[in-house]
Each structure stands twice: as structure tokens, then as C-alpha cells.
Amino acid sequence: MTTTLLTGLPRSGTTLLCAMLNALPDTVALAEPMPRPSSDVPESIIAEIAAFATAIRVRAIGEGKVPTKALDGRVPDNFLEAPNPERRLRNTVSKLEDVSVGKALTPNFHLYIKHPALFAALVPHLRGRFPLFALIRDPLTVLAGWQTVNLPVHFGHLPAAERVDAELRSRLGSIQSRIDRQVAIMVWFLRTFASLSPRNIVRYEDIVLNPDAVVASLHVLPAPPIRHPIFRESAEKRYAGIDMPLLARHLQSIVPEIEYFYPGYREILGDVRRGKPSRSSHIGLNGRGKTRVDFFVAGVQKGGTTALAQMLTRHPSIRLANRKEVHFFDDAERSWEDPDYEYYHCWFRPPGAHTKVWGEATPIYFFQADAVARIHRYNPKSKFIICLRHPTFRAHSQWRMETVRGNEDWDFSRAISAEGRSRIQSGDRNARTYSYVERGLYARQFRHLFNLFPRAQVHVLRTDHLWRDSGACLAGICSFLDVTPMAHEGPSVYQVPHDSRELGRMSLADRQYLDALFRQEIEETQTLTGIDLSDWLDPDYEEPMPPPREA
């Protein structure tokens with residue numbers, strides 16, 4: 001049971017994020033639902049937050065209603081009037097009310113509570129108490145928005161935070177200029193958020209580019225794709241009449257704080273001061289000079305890649321994508337004339353504090369020649385990790401998975417026959433689903449991989465060895481990736497994403513048929529990779545992953 005707190009710069013999209021989260025199953029996101037705390041003491045406020053979250057869970061399950069700032073019975077993506085040509089300040093159009101949850105919830109549903117100013121003031125005290133994420137946005141756009149709203153921040157104050165943070169209250173009280181107080185508030189937020197782990201920072205610009213990646217970074221998985229309209233108007237157009245060069249001059253003094261989150265921002269401000277349009281900063285993969293993903297766990301399906309990915313995520317120097325199987329380079333529907341790598345890179349933001357290498361695990365990349373070619377175009381220095389499983393057992397495991405998913409109606413014998421294999425000719429979806437035999441033809445896949453990437457950039461390991469001695473396998477991978485070795489205790493249970501025990505074991509006839517079919521492929525794979533696979537040629541070979549009937 002997890003309650004996650006959300007903070008952020010005012011006008012940075014925290015309400016939009018709540019609206020998106022509310023569209024997900026088993027999830028409730030509340031916008032500024034708490035009454036004013038009864039105390040100014042941080043520990044007392046945190047106790048009130050915990051009690052409030054507990055009460056909300058009881059109400060959500062028991063009554064199907066929760067309190068939140070809302071408009072027309074829901075959390076919208078914006079609580080303020082639209083900008084107006086008269087340039088009058090925009091008023092809030094929401095109110096705190098009880099709204100219907102509108103969906104079935106489990107007792108452990110995801111609960112999100114957002115209070116931008118209050119939770120920011122409590123950051124030093126919230127560590128270890130609640131998961132906390134902070135939303136940031138291009139500071140020039142945010143500052144322009146502050147000029148248009150009838151909120152305390154427009155006047156250079158932040159009451160909810162000032163009650164808790166006496167130093168902030170004193171600082172703002174000593175500044176005469178309204179805009180200088182706003183800049184002081186901006187600095188206070190940025191310095192506060194810089195104390196959080198980079199993994200707990202969300203950029204609004206990434207929500208615009210790839211909302212699915214942002215949701216994944218908030219630990220709401222599995223989740224359906226986000227289908228929420230996002231406002232994309234430029235700051236100049238949305239805030240017509242605001243003196244952007246003037247705001248840029250005021251922000252120039254706090255460039256160091258801004259560039260922690262938006263590297264290269266000094267140049268952006270310089271352009272605006274010279275009258276050029278403002279633009280958000282998306283420099284590199286992680287905003288700190290990284291431009292490309294380093295490695296791919298690219299195969300094979302049903303070869304232990306899920307278990308391996310989980311192991312690698314524990315290494316402080318390795319940053320895997322926010323979800324396993326991003327499926328970017330195998331997506332034939334993308335425009336590969338001009339690929340949108342920024343969309344792809346959103347899956348890796350924010351980075352870890354000590355990240356040295358970036359990688360992702362999508363097993364079908366090894367199987368698809370087009371995906372390998374696209375990766376080479378993207379980064380010819382990419383490294384590949386390939387987990388090889390005995391192709392006969394791999395085929396049966398894939399058939400089990402597709403059968404449990406409801407994608408396969410044929411029995412295994414028919415599915416691996418010439419008739420069954422012919423189904424892969426009927427479009428991409430069938431090629432993915434019914435490729436029980438074809439995915440096990442490892443030699444032809446390695447030949448294509450080695451035509452584009454040198455052998456030194458490919459690390460091959462056996463799934464059964466990963467099970468027997470995961471520590472040694474991980475040491476080999478760390479050496480390959482040039483990161484420090486990691487301490488690891490081997491898995492006690494083999495990863496079984498789909499329970500298929502009722503399907504029984506492979507028949508001896510099917511085993512012998514596939515062993516004969518794959519024999520030459522195994523021998524060629526052994527020659528191509530230099531990996532000893534001779535025991536796979538033994539008709540009595542059995543996998544060590546217990547219980548094999550469930551894998």
C-alpha cells in the first residue's frame with residue numbers, strides 16, 4: 001500500500017499530471033485535497049498527512065468518494081481561466097469538493113496527493129516517509145505564467161510554504177519588488193528539488209513528449225497507454241503581451257540553479273533577451289550531456305531477460321529504461337526517415353545520481369533484423385547482451401505464454417509444424433506471436449548482428465548459467481559494460497510471468513523433433529559466438545531452472 005506525494009513549481013503541470021493519473025485503473029490522484037494543517041511544525045504536519053491518506057483510503061473503498069479540488073466533479077488538467085486579451089489576472093475556477101472515484105479499487109490502490117508549496121517546504125522532513133516526486137518546467141514559461149494568475153505566487157508569496165519555512169518567509173518579506181520575490185521563490189523551489197534524487201524529478205517537457213514514460217517513472221505499472229490531450233502552445237502565444245526579454249533578464253541571475261535541470265539554459269535566455277522565441281531545453285539523453293543509450297538486452301524472448309533486467313536495475317551505475325521492453329526500434333509504424341529519439345530518451349529520464357551507462361531490455365530486437373539496423377544507425381557503438389536459452393525449451397515456453405495470453409489455440413505439435421510456422425507470413429503480429437521455431441534460429445540472427453556490430457560489442461551468456469551462477473554472469477556483464485562489479489545473491493525462484501502448469505510438459509516426440517531441427521543451428525551458434533553449447537546437443541539435456549514444467 002503506497003501513497004505517493006507530488007510537488008512542483010506552481011503552473012508546471014501538477015494538475016495535468018493528476019488528471020492523467022486518474023485515468024489509470026486502480027489509481028486515485030487528488031489535487032490539493034488537504035485542509036490547512038493545524039500546526040506549523042513539520043513532524044506534526046507529516047503525521048496529519050499520514051492520517052489523511054489513511055482516511056482517504058477508507059472513504060475511497062467504503063464510499064467511493066474522495067475530496068479534491070475539482071471542476072464539474074473531476075480533476076481537470078488546469079484549474080485556471082484561460083489567458084485573456086484584456087490581460088486581467090486569471091482566477092481559479094475549481095473548488096474543494098467530494099467527487100466520485102468512478103472506478104473499482106483494490107485495497108492497495110495507488111494514491112497520489114499533490115500539494116506543490118506545502119510538500120516542497122517539507123522535502124527535508126519527508127525523506128524516507130513517503131515517495132515524493134517533484135514536477136519542474138521551463139522556468140521562463142513558468143515565470144510568464146505567474147504574471148497572469150490571481151494566485152499568491154503572482155504577488156511574490158507562497159503562504160503554505162512560508163508557514164513552514166521561516167527563512168523563506170523572512171527572505172520574501174525583505175524584497176520590495178514583486179518580480180524579484182517571484183525569482184526568489186523560483187530559486188527556493190529549484191534548490192529544494194535539487195536535494196531530491198534525480199529519479200524523483202519529472203520534467204513537464206517529458207510529459208509532452210512521452211506521457212507513458214513519465215507514468216512509468218512514477219511506478220504505475222502495468223498501465224495502459226496515456227490518451228490525454230496535452231496543451232502545446234508556445235509561451236509567447238499563450239502569454240501574449242508578457243515581456244519575455246524582461247523575464248529572461250531577471251532569470252539570468254539564477255542560471256546555475258536552472259542549469260542543474262536544464263543544461264544550456266544560459267544560451268536559451270540569451271536568445272530570448274535578443275528577441276528570439278523561447279524554447280524548452282532537451283539537451284541530450286539525460287539533460288547532462290548523455291546523447292545515446294549504451295547497451296541493449298536484446299534477446300532472447302523467454303530467455304531470462306526479465307530476471308536479468310531486475311538484477312541490473314540494482315546496480316547504481318546502470319540506468320535501465322522506466323519499463324522493460326520499450327519496443328522503440330522494432331516499431332515499423334514510426335517515421336524512420338527522421339526518428340524521434342527525444343521521445344525514446346524520455347524512457348530514461350530522470351537519470352540516477354551515479355549513472356554511468358544506460359540500457360534497455362527488449363528481447364525482440366535480436367530477432368528483428370530491421371531493429372538491429374535501426375540501432376546501428378542510432379548508435380553504432382551500442383553494446384548487446386544476448387541471453388541464450390536452449391531453443392527447444394525456449395520454443396515450448398513461448399507457446400505456453402501465448403496460450404495463456406489467449407493468442408494461441410493450436411496444440412504445441414501443430415504450432416511447430418510446417419503449417420503452424422507458415423502463420424508468421426501473415427503480418428507483423430503473427431510473426432511475433434507464432435515464431436516459436438524461428439526465434440530459436442540463433443545462428444542466422446547472430447550473423448546479421450555481427451554484420452553490423454563487431455563481436456567485441458556483443459556479450460553472450462546462457463540462461464541456464466544465469467540460473468546456476470548469477471553472480472558470475474553478472475560479473476561478466478559488469479566487466480563488459482565497464483562498471484564496477486555488483487554484489488548479488490542468486491534468485492531462489494525462476495522468473496515465471498505466466499502460470500501455465502495446466503498445459504503439461506513437452507512430449508518426447510516434440511522434443512526429439514525440435515532437437516533435430518535445431519541441431520545445426522546450435523553448432524553454428526557455438527562457432528559464431530565461441531560459447532560452449534555442446535551439452536545442448538545431448539538428447540538427455542534438461543534445464544536446471546526449477547520447476548522446468550512451469551517456466
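The values are calculated or read from the model by the stated rules, or taken from the named source; none is laboratory data. Just so it is clear, the model here is predicted, and its values are computed rather than measured. Using ideal geometry, Cβ is built from the backbone for each residue, glycine included, and neighbour counts are taken over all protein chains shown.
The table for this structure:
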read-out	value
Helices (runs of 4 or more DSSP H) fully within the range 242-322 counting 2 or more residues that are within 30 Å of W399 (Cβ to Cβ) and at pLDDT 90 or above	305-312
Boolean, N430 is over 30 Å from the mean Cα position of the chain (by Cα) and not basic (K, R)	no
Close pairs (8 angstrom Cβ cut-off, 6 or more residues apart or separate chains): closer than 20 Å to Q457 by Cβ and of a type in the set (S, T, Y) in the range 523-540, assigned to a loop (DSSP other than H, G, I, E, B) and at pLDDT 95 or above anywhere	T525/I531; T525/L533
Residue tally, condition more than 18 Å from P42 (Cα to Cα) and more than 20 Å from the chain's Cα centre (by Cα), over the range 93-135	16
Contacts under 6 angstrom Cβ, first residue in the range 327-338 being more than 13 Å from P363 (Cβ to Cβ) and at pLDDT below 95, partner basic (K, R) and surrounded by 10 or more Cβ atoms within 10 Å (Cβ to Cβ), 6 or more apart	none
Which listed residue is assigned by TED's automatic domain parsing to the domain that holds Q512, crowded, with 24+ Cβ neighbours inside 10 Å, at pLDDT below 95 and not aliphatic (A, V, I, L, M), from H345, H354	H345
Scope the range 456-487; condition over 23 Å from K302 (Cβ atoms), out of contact with any helix residue (DSSP H, G or I) (no Cβ under 8 Å at 6 or more places or on another chain) and not aliphatic (A, V, I, L, M); matching residues	Q457, C478, S479, D482
Check on Q182, assigned to a helix (DSSP H, G or I), over 31 Å from the mean Cα position of the chain (by Cα) and either within 28 Å of E267 (Cα to Cα) or at pLDDT 95 or above (or both)	yes
Only listed residue being surrounded by fewer than 20 Cβ atoms within 10 Å (Cβ to Cβ), modelled with pLDDT of 95 or more and over 24 Å from V357 (Cα atoms), chosen from R455, R444	R444
Any hit, the range 360-368, residues being closer than 21 Å to N200 by Cβ and crowded, with 24+ Cβ neighbours inside 10 Å	yes
Residue satisfying all of: in the range 189-213; in contact with a helix residue (DSSP H, G or I) (Cβ under 8 Å, 6 or more places away or on another chain) and of a type in the set (D, E, K, R); surrounded by the most Cβ atoms within 10 Å (Cβ to Cβ) among these	D206
Residue under evaluation A213, criteria (1) within 30 Å of the chain's Cα centre (by Cα); (2) under 30 Å from R88 (Cβ atoms); (3) in a helix (DSSP H, G or I); (4) modelled with pLDDT under 90, criterion not met	(2)
Top-ranked residue of the range 425-441 - restricted to ones that are in contact (Cβ under 8 Å) with a residue 12 or more places away in the chain and either farther than 17 Å from F518 by Cβ or of a type in the set (F, W, Y) (or both), ranked as surrounded by the fewest Cβ atoms within 10 Å (Cβ to Cβ)	D428
Neighbours by Cβ (under 6 Å, 6+ apart or cross-chain): first from the range 340-363, under 16 Å from D330 (Cα atoms) and part of a helix (DSSP H, G or I); second at pLDDT below 90 and among the aliphatic types (A, V, I, L, M)	Y343/L209; H345/L285; W347/A213
Check on V58, surrounded by fewer than 18 Cβ atoms within 10 Å (Cβ to Cβ) and without any contact (Cβ under 8 Å) to a residue 12 or more places away in the chain	yes
Residues of the range 18-57 satisfying the condition of being within 19 Å of V123 (Cα to Cα), assigned to a helix (DSSP H, G or I) and not acidic (D, E)	P42, S44, I45, I46, A47, I49, A50, A51, F52, A53
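Matching residues to (1) modelled with pLDDT of 90 or more; (2) surrounded by fewer than 16 Cβ atoms within 10 Å (Cβ to Cβ):
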residue	(1), (2)
F52	yes, no
L80	no, no
R87	no, yes
N91	yes, yes
N108	yes, yes
